[in-house]
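The values are calculated or read from the model by the stated rules, or taken from the named source; none is laboratory data. This structure is a prediction, so every number in the text was calculated from the model and none was measured. Here Cβ is always computed from backbone atoms with ideal geometry, including for glycine, and neighbour counts include all displayed protein chains. Surface areas here come from the heavy atoms of the whole protein model, side chains and all, with no ligands, DNA or RNA. Shrake-Rupley method; radii C 1.70, N 1.55, O 1.52, S 1.80 Å.
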Amino acid sequence: MSNFVKSSKKAYVRTYGCKQNFADSEKITGLLTTLGYEIIQTVGDISDMETADLILLNTCAVRENAEQRVFGNVGALKNLKRANPDLLIILCGCMTQQEHTAERFKVKFPFIDAIIGTNILGVLPEIIKQADSEKEKKQKGAIIKITQAGGVFDEEIKPLRNSGGEFSACVPIMNGCDNFCTYCVVPLVRGREVSRLAENIINEVRGLIAEGRKDILLLGQNVNSYGRGSDTDFKKLLSELDKLGGEFIIDYMTSHPKDCKKELIDLIAQSLNISRHLHLPVQSGSNRILKLMNRGYTREEYIELAMYAKEKIPEISLTTDILVGFPGETYEDFKETLDLVENIGFDSAYTFVYSKREGTRSAEMNDPVPSGEKSAWFKELLELQNKIGEISYNRFTGKTLRVFCLGKGRSNPELLTGKSKQGIIVDFEGDQKLLGKFVDVKITKALPWALIGELTYEKYK
Ligand code: 5AD
Ligand code: SF4
């Protein structure tokens, strides 16, 4: 790859949306580094943007409000471009994979230099080169180059791990989705499922553990279908990873209830290092709505799986995603969701109001419930889940949990924060020298979003 960019150039990469997008951005920043860019920011704070030579926004299309945020932020770049005409502005990611949105950006913001989609790595060097050389004469708006979504994993490019802490790492194991839930734009923008070779994943994880990154999150839209069509599968992958020496945590998301089998739960129950956290999006508690969503399981099947997990792994933490106000959902349907939430007792739930996505099947469905009513349902669900979450975390009070120390306390910077094997944040008093180590913490108090505890052994203190 030609190194055509002067080493003094700075790149600002901002990422919206899910962990998968953040993992993509780590690859992008890895690539930009090989092109000679210094990376100045990846998340949050836009104050450093003025010093950037390249601003790249990696966008998210999963809900309308995420898209609105990107539109607002891009609009705000106009002044930066005016002040510095040499600045390159590039958009990529799930929003721009859809041609209608790419065109909208081009028309609305003629100062954008280039728009690419989700298949970024192969085209980015060329696009930077082209946009840079055309910048002076270009009045016609952005270069649009959207290639087919999905495809092979680029194992050559090393990610710049800058979206998590010093002791954590995200490891994509697959990309794309074949499920076509009727509300979801992901299969349209990320393409069909492609899995990485197990050998590459295992080598990467082995290297991360050796570096001290012992909090590892495996990523995929539907991790349970990892390896489909080959002689490996998710269970085998987890089993191999569990055997890598030492103590570490392998977490994973997202599991799909239709593909998450009891044998996988059995494996986790027997494992040493696989997280006792299962994120299992239910989306709805109504069979009628689950069918319309094309989720491929019933309420009863979901409850059976969740109860099996709780029985086999009593210390498990169950979390979920719930979508409120799917087209045609009635209050009766919604009450079944409330009932399921109450029945299962999730530690936490990511709750969303349905957002119509162009190109999905649900966008064609009749959606008579006014948004105000959906918001009221949403609030009711949130209140119920907050209550349940708090009660649920109380089961850990008095218990001792194994915790991996990650950094300063979230509830109080005087404390340390760590992650339990259930994926729960635990804050406790301890010395900085414990960072990157596993300790035993006795839980003294449950907050709605974290646990507070104290170190058990004198030797830690
Ligand atoms: N509207 C609202 N929420 C959505 N999700 C996916 N698509 C939509 C949509 N169109 C939610 C689902 C999914 C999570 C990642 O985002 O709950 O599990
Ligand atoms: Fe979207 Fe369903 Fe695929 Fe998840 S499983 S990414 S919700 S289509």
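I'd like to check something: does region 147-170 contain any residue that is at pLDDT 95 or above and within 16 Å of ligand 1 (Cβ to nearest atom)?
yes
Return yes or no: is F167 away from ligand 2 (no atom under 16 Å from the Cβ) and in contact (Cβ under 8 Å) with a residue 60 or more places away in the chain? Talk me through it step by step, then tell me what you get.
Details: away from ligand 2 (no atom under 16 Å from the Cβ): yes; in contact (Cβ under 8 Å) with a residue 60 or more places away in the chain: yes.
Yes, satisfied.
Which condition breaks for D48 when tested against (1) closer than 20 Å to D24 by Cα; (2) in contact with a strand residue (DSSP E or B) (Cβ under 6 Å, 6 or more places away or on another chain)?
Against the list (1) closer than 20 Å to D24 by Cα; (2) in contact with a strand residue (DSSP E or B) (Cβ under 6 Å, 6 or more places away or on another chain), D48 comes up short only on (1).
Within region 228-253, can you find the residues that are closer than 29 Å to V439 by Cβ and either buried (at least 18 other Cβ atoms within 10 Å of the Cβ) or within 16 Å of ligand 1 (Cβ to nearest atom) (or both)? Step through it out loud before you land on a result.
First, the residues of region 228-253 that are closer than 29 Å to V439 by Cβ: 237-253.
Hits for region 228-253 are L237, L238, L241, F248, I249, I250, D251, Y252, M253.
Based on this model, can you work out whether S225 counts as within 16 Å of ligand 2 (Cβ to nearest atom), open to solvent by less than 30 Å² (accessible area, probe 1.4 Å), among the polar types (S, T, N, Q) and over 21 Å from T360 (Cα atoms)? Let's see the steps before the verdict.
Values: within 16 Å of ligand 2 (Cβ to nearest atom): yes; open to solvent by less than 30 Å² (accessible area, probe 1.4 Å): yes; among the polar types (S, T, N, Q): yes; over 21 Å from T360 (Cα atoms): yes.
Judged against the criteria, S225 is a match.
Looking only at region 171-189, filter to residues that are of a type in the set (A, V, I, L, M), closer than 27 Å to E64 by Cβ and open to solvent by less than 30 Å² (accessible area, probe 1.4 Å); which one of those is farthest from ligand 1 (Cβ to nearest atom)? Walk me through it before giving the result.
As a first pass, look at region 171-189 and keep what is of a type in the set (A, V, I, L, M): 171, 173-174, 185-186, 188-189.
Narrowing further to those that are closer than 27 Å to E64 by Cβ: 174, 185-186, 188-189.
If we keep only those that are open to solvent by less than 30 Å² (accessible area, probe 1.4 Å) too, we end up with 174, 185-186, 189.
Values: M174: 16, V185: 7, V186: 7, V189: 11 Å.
Result: M174.
From the list R192, R213, which one is open to solvent by 20 Å² or more (accessible area, probe 1.4 Å) and touching a strand residue (DSSP E or B) at 6+ places or on another chain (Cβ under 6 Å)? Show your work before the answer.
Details: R192 fails: touching a strand residue (DSSP E or B) at 6+ places or on another chain (Cβ under 6 Å).
Within the list R192, R213, the selection yields R213.
Taking the condition of being over 28 Å from E99 (Cα atoms) and touching a Ser or Thr at 6+ places or on another chain (Cβ under 7 Å), how many residues in region 345-384 meet it?
Just the residues of region 345-384 that are over 28 Å from E99 (Cα atoms), to begin with: 345-351, 368-370, 372-384.
Filter again for touching a Ser or Thr at 6+ places or on another chain (Cβ under 7 Å), leaving 345-349, 378, 381-382.
Residues that pass the stated criteria total 8.
Quick check on my filter: what residues within region 88-130 are among the β-branched types (V, I, T), outside any helix (DSSP H, G or I) and surrounded by fewer than 18 Cβ atoms within 10 Å (Cβ to Cβ)?
Initial filter on region 88-130 (among the β-branched types (V, I, T)): 89-90, 96, 101, 107, 112, 115-116, 118, 120, 123, 127-128.
Filter again for outside any helix (DSSP H, G or I), leaving 89-90, 112, 115-116, 118, 120, 123.
Answer for region 88-130, where residues must be among the β-branched types (V, I, T), outside any helix (DSSP H, G or I) and surrounded by fewer than 18 Cβ atoms within 10 Å (Cβ to Cβ): just V123.
Would you please name the residue that is modelled with the highest pLDDT, looking only at residues in region 422-461 that are aromatic (F, W, Y) and open to solvent by 70 Å² or more (accessible area, probe 1.4 Å)?
Going residue by residue through region 422-461, those that are aromatic (F, W, Y) are 428, 438, 449, 457, 460.
Now drop any that are not open to solvent by 70 Å² or more (accessible area, probe 1.4 Å), which leaves 449, 457.
On the way: W449: 85, Y457: 76.
In this case the residue turns out to be W449.
I'd like to check which helices (runs of 4 or more DSSP H) are fully inside region 259-370 and have at least 1 residues that are within 14 Å of ligand 1 (Cβ to nearest atom) and free of Cβ contacts under 8 Å to residues at least 24 places away in the same chain. Steps first, answer last, please.
Values: elements: 262-270, 287-293, 299-312, 331-344.
Per the criteria, 287-293.
Based on what the data block shows, is V205 in a helix (DSSP H, G or I), within 16 Å of ligand 1 (Cβ to nearest atom) and touching a residue at least 12 places away in the same chain (Cβ under 8 Å)? Break it down into steps so the answer makes sense when it comes.
Numbers: in a helix (DSSP H, G or I): yes; within 16 Å of ligand 1 (Cβ to nearest atom): no; touching a residue at least 12 places away in the same chain (Cβ under 8 Å): yes.
Criteria not met by V205.
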